[in-house]
1. Exactly one of these conditions fails for residue 34: (1) buried (at least 16 other Cβ atoms within 10 Å of the Cβ); (2) without any contact (Cβ under 8 Å) to a residue 40 or more places away in the chain. Give me its number.
2. Of the residues that sit in the stretch 158-197 and are part of a strand (DSSP E or B) and of a type in the set (S, T, N, Q), which one is farthest from residue 111 (Cα to Cα)?
3. Specify the residue that is farthest from residue 46 (Cα to Cα); the eligible residues are those in the stretch 196-215 that are surrounded by 12 or more Cβ atoms within 10 Å (Cβ to Cβ) and of a type in the set (Gly, Ala, Ser).
4. Could you tell me whether the stretch 141-155 includes any residue that is at pLDDT below 90 and among the hydrophobic types (A, V, I, L, M, F, W, C)?
5. Please go through the stretch 28-41 and pick out each residue that is in contact with a strand residue (DSSP E or B) (Cβ under 7 Å, 6 or more places away or on another chain) and within 11 Å of residue 12 (Cα to Cα).
6. Just a yes or no: is a residue in the stretch 104-113 buried (at least 17 other Cβ atoms within 10 Å of the Cβ), at pLDDT below 85 and not polar (S, T, N, Q)?
7. In the stretch 1-18, what residues are among the hydrophobic types (A, V, I, L, M, F, W, C) and exposed (fewer than 15 other Cβ atoms within 10 Å of the Cβ)?
8. Residue by residue through the stretch 11-42, note down the ones that are closer than 15 Å to residue 202 by Cα, touching a Leu at 6+ places or on another chain (Cβ under 6 Å) and either part of a loop (DSSP other than H, G, I, E, B) or modelled with pLDDT under 90 (or both).
Amino acid sequence: MAAERLQPAPPPAQMSFELTLQTPQQSLPAGGELFFRGDSLLFARIVALMGLEVARVRLVRDSLEIWDRFNGRIVMLGARPRQLPFGLALPEPVRFSPALVWTWLSGRDLARFWSDSARLELAESEQPSWRGPDVRISLDPTNGLPARLERYAGTTLLEERRYEEWSSWNGAWLPRRILVRRPREGWELVYRLRALSESGAPPEWNPPPQLPRLRW
């Protein structure tokens, strides 16, 4: 059932969200909006506390630009200069794309973890789960959708994800809350979907030309 309900789905035109990044030193809450233009262009507006817009983001298939409005600069991620209309291609294995962002947020990347080599089990708690050599996905028995993912290296937990509050939008099942925890790196991220829309105008991308540009 999970594989059937997690078939590819087109992204919305606009979605609003909240994020909280928790590290041993601090908690960083934020929110914002994403604006998808097909699978090749994504705009984002990032808002901090008190509704202050701190950044805008423009992402194409191989280039990511961040307009850091708080510090007054443009940050460009990539490694191959002069090969794209703007920005730089991201180095492997980090290669973001609008389609990949939606795949993560919609839970569609989970499908790559189960395969013919994985097997469906029924645990003592009557909660079915997929088990592979280094991954386990527990399914919610009430809806058959993923509830928890754990990735291991041997017996060491590398990553834990929890998917909660699944709901249907335009025939596609989406998690409204995702928790990602990386114990070895000491951080935890909580994402919450606030709203989806089939329309919405993205923010203007018109940074002042005199802003310094930093390339990573």
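1. (2)
2. Within the stretch 158-197, the first condition is being part of a strand (DSSP E or B), and the residues that meet it are 158-169, 172-182, 187-197.
Then drop every residue that is not of a type in the set (S, T, N, Q), which leaves 167-168, 197.
Details: 167: 18, 168: 18, 197: 25 Å.
Of everything passing the filter in the stretch 158-197, 197 is farthest from residue 111 (Cα to Cα).
3. In this case the residue turns out to be 197.
4. Yes, some residue in the stretch 141-155 is at pLDDT below 90 and among the hydrophobic types (A, V, I, L, M, F, W, C).
5. Start the filter on the stretch 28-41 by keeping residues that are in contact with a strand residue (DSSP E or B) (Cβ under 7 Å, 6 or more places away or on another chain), which leaves 28-36, 40-41.
Selection gives 34, 35, 36.
6. Initial filter on the stretch 104-113 (buried (at least 17 other Cβ atoms within 10 Å of the Cβ)): 105-108, 110.
Those still in the list that are at pLDDT below 85 too: 110.
Then keep just the ones that are not polar (S, T, N, Q); that gives 110.
Scanning the stretch 104-113 turns up at least one residue that is buried (at least 17 other Cβ atoms within 10 Å of the Cβ), at pLDDT below 85 and not polar (S, T, N, Q).
7. Those that are among the hydrophobic types (A, V, I, L, M, F, W, C) and exposed (fewer than 15 other Cβ atoms within 10 Å of the Cβ): 1, 3.
8. The answer is 12, 42.
The values are calculated or read from the model by the stated rules, or taken from the named source; none is laboratory data. A quick note: this is a predicted structure, and the numbers were derived from the prediction, not measured. Note: ideal-geometry Cβ built from the backbone for every residue, glycine included; neighbour counts use all protein chains shown.
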